[in-house]
Every structure is written in structure tokens, then in C-alpha cells.
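The structure appears right after this line, and notes come after that.
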Amino acid sequence: MKRRDRASDIGPVPAARIETAAESFLPMTRPSIDEETIAGVAEVLRSGWITSGPQLQAFEARLSEYVGGRPVRAFNSGTCTMEIALRIAGIGPGDEVVTTPLSWVATSNVILAVGARPIFVDIDPVTRNIDLDRIEPAITPATRALLPVDLAGLPVDRDRLHQIARRHGLRVIEDAAQALGSTWRGRRIGSFGDFVSFSFHPAKNLTTIEGGCLVLNDAREAGLAERYRLQGVVRTGFDGMEVEIAGGKFNLTDVAARVGLGQLERLAGFNARRRELASAYFRAFEDRGARELGLALPVADFAGTNWHMFQVVLPEERLRVPRAEVMRLLHDAGIGTGVHYPAIHLFALYRRLGWRPGDFPQAEYVGRNILTLPLFPAMRDADVPRVAEALVGILRAHLR
Ligand SMILES: Cc1ncc(COP(=O)(O)O)c(C=O)c1O
């Protein structure tokens, strides 16, 4: 029988199925798609209109309400959202964009995609987000934008971020791919600022299977986003069509939008459950003396974080085995884990562009040792101590 350990593996287990050891495997994440959403998708499929249409419009309207009425356009990924934001901002060859080396590689690939140069600055090892103190020394006359990431949903300090941007006349593209439902000083991420990009990948707090959305500033930018989304086409009347910019094919289907509508209804509940589980992780690790073993826990931010992930950093100096071995041992104990992320500048592509080991020591250390533990709304309370017990047991067995 197949292991239910993939993010895309959804749906209820038939009652008659007998649970085997493999069936009890705890994945790192798993989306929660309810029956009403599945029925809604079936309706869309039967409706005769399955690509971008009324469901997309409804989804965008709901997303816009969610971020306090700002214009929102949805796309088929949280990668193209950022590329389109960069294009709308007019960023291209010769321009520099300041970003973090500790993210999904999409964050900096989009900078390369528009012909600009990423300028990495190291992270704060506590928040694991870009170190705001290091941004200003990295700004040059070619700098055009800041592209920070809210890793695991923990928000970057928006007051300081936007102050720096204003001081230097820079655009901001917030890579809030992981931060839907997070807040900064009580304000929802996306409800203020400049461009804000979210992802709806299956691992995210809200999924459309694949997808994303971009929060924009005004109707002009929203119109441009629509053109970049679909071949640059502007339709006027029944047979009028014009194309002035080379857009792409980044539209979200109505099937995906219907999934998103069902998810958005439940987002507050999902995030509340994630918070509960995260809080249980802190108790479980503290009860077992994990900090004394050198395990670094995330920032315990229960006001602002949407707890997209619960990530620990292994104590490299004290561990006799590499992270991969810890992951293998956890896997053998029926627990799925992940790595989010290796430092971007050490990938072959980026080394070819000139970056070297040692350039960003904090990001490199965290990139080598960070480990994402299971956290998703359908997880059971008992799963948390089971994970903590297994990880602490592995640490105790392999510490110097
Ligand atoms: C931090 C970050 N940035 C960008 C992306 C890109 O989003 P997508 O996979 O929807 O293109 C993701 C999601 O995978 C992400 O986690």
C-alpha cells in the first residue's frame, strides 16, 4: 500500500481500510480539502467553464477583502507573481534587488529572470529572515528594490523595512509566499506596504494546488498585472484586441480558484490549529530539555506568525551525524521532515555567478542545519510529543 506521505496526497481514508505501519506515517505537511470544496470543484468541472472565469473573479474579490480592499490579482504560481511585480516596477538589466540567501530559490531566480542582479545580505540567525541591519550597507546607486521573505510565516519587521525603502526611494516586493494570515503589529500582511506576493502551493496555509496572488497598489498596476498574466492582451468590445507588452501565460484556472475559495473560508481555523500545534511543540521540546541539547527552536511569536512551518536548527557542533542521517532516522520512525532551505548562493548556478562559501555564514549555517518538522491542520495532538520524543532521542544518541 502506498505511503500517504506526499503533500499532494489528499482525501479521506476509506473506513474499511486497515491501518498498516506505512499508513501511520506522519508527513511533514498535507493539505486539508473539505468535501464541500471537492463538490464545488465537481460543479465547476461540470459547468462548461473551467479556465479563468467567474470563480477566479470571486476568488480575487475575496482575497482583496482579506487584505483590506487593496487590488489583488491571482496567478498560477507564487513565482510569476514576483516576476510580474518586478516587471511592473520596471526592474531589469543593470538593476540590483536586495534579498535573502535563505529562501526557496524562486525568490532570487525571479530577479535573474528579469535580467537584474540579486544582492544577497546575510540573515539574522534568530529570526532566520534577512538581517535588516545589513541592508543599507548593501545599497548602491543601482539598487531598485528590496525583496524580503517571511520564512515560515514569521514577518520581517515591516516598520524598519519600509523606512529603509522610503529613505532610499526603493520599491518593495514582499515575498510573503508563506505568510498568508500573518500580521505585523496587528495588521494583516498584504493589507499595507507596496507589492505583496503570496503562494498557494499545496504546502502553504491556503492552497489552490498551484497558484499565488499579488497585492498591488492601484488600478493601473492591476491592469498591467492582468496583461503580464495573459500574453499582454487587452480586449475592447466583442472583436477588439490589442497587444502592447509581451505578457506570458500565468492565469489561474476556475477549478483552482474554486479550491482557493473553499480554503479561504477555513483559513482562520487552519491558522488557529497551526498555532495550537506550534505551542504544543514548544512545550514538548522544553519538557524534554531540547534547548539544553543545543536544539534551536523558532521565535515563539504567537501574535504575528501564521505558523506555516515549525523549523528547528540542529546543533552541528555537537552532532556526530549529518542532518540527512537525522532525517533518515526520523523517516524510519514514521516521521516526514523537510529542508527549507539550503542557502541559495551555494547552488551551482549562483556559484557560477560569483558567490562563494563563506559569503553569508549565518545563512550557510542555518541552511545546513535547519529541519522542518510536521505541522499541518489535520495533525493530531498526539503527533507532536511523538515527533519531539523521536528527535530528542536521536539527538541524545548522537551528541558528542
Ligand atoms: C518563500 C517562497 N517564495 C516563493 C515561492 C514560490 O511559490 P510557488 O511555488 O507558488 O511558485 C515559495 C513557495 O514555494 C516560497 O516558499
Could you tell me which of the residues 90, 78 is among the small types (Gly, Ala, Ser), more than 17 Å from the chain's Cα centre (by Cα) and at pLDDT 95 or above?
90
Given the structure, is residue 69 out of contact with any Ser or Thr (no Cβ under 9 Å at 6 or more places or on another chain) and on the phi > 0 side of the Ramachandran plot?
no
Between 245, 164, 173, 209, which is farther than 24 Å from residue 77 by Cβ and touching a helix residue (DSSP H, G or I) at 6+ places or on another chain (Cβ under 7 Å)?
164
In this structure, is residue 88 within 25 Å of residue 224 (Cβ to Cβ) and either open to solvent by less than 30 Å² (accessible area, probe 1.4 Å) or in contact with a strand residue (DSSP E or B) (Cβ under 7 Å, 6 or more places away or on another chain) (or both)?
yes
Any pair with Cβ under 6 angstrom, 6 or more apart, that starts in segment 376-388 at a residue that is within 13 Å of residue 29 (Cβ to Cβ) and ends at one that is polar (S, T, N, Q):
376/29; 377/32; 378/32
Among the residues in segment 319-337, are any under 23 Å from residue 129 (Cβ atoms) and surrounded by 15 or more Cβ atoms within 10 Å (Cβ to Cβ)?
yes
Filter segment 144-174 for residues that are open to solvent by 10 Å² or more (accessible area, probe 1.4 Å) and in contact with a strand residue (DSSP E or B) (Cβ under 6 Å, 6 or more places away or on another chain); which is farthest from the ligand (Cβ to nearest atom)?
170
Looking at segment 71-82, which of its residues are more than 14 Å from the ligand (Cβ to nearest atom) and open to solvent by 30 Å² or more (accessible area, probe 1.4 Å)?
71, 73
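Which members of segment 338-358 meet the condition of being surrounded by fewer than 18 Cβ atoms within 10 Å (Cβ to Cβ) and either in a helix (DSSP H, G or I) or among the charged types (D, E, K, R) (or both)?
Answer for segment 338-358, where residues must be surrounded by fewer than 18 Cβ atoms within 10 Å (Cβ to Cβ) and either in a helix (DSSP H, G or I) or among the charged types (D, E, K, R) (or both): 348, 349, 351, 352, 356.
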Which members of segment 98-130 meet the condition of being of a type outside the set (A, V, I, L, M, F, W, C) and either open to solvent by 30 Å² or more (accessible area, probe 1.4 Å) or not assigned by TED's automatic domain parsing to the domain that holds residue 152 (or both)?
109, 115, 117, 124, 125, 127
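The values are calculated or read from the model by the stated rules, or taken from the named source; none is laboratory data. Here the structure is a predicted model, which is why all the values come from computation and not from measurement. As a convention, Cβ positions derive from the backbone with ideal geometry for all residues, glycine included, and neighbour counts pool all protein chains shown. The protein model used for the area step is the full one, side chains on, heavy atoms only, and it has no ligands, DNA or RNA in it. Shrake-Rupley method; radii C 1.70, N 1.55, O 1.52, S 1.80 Å.
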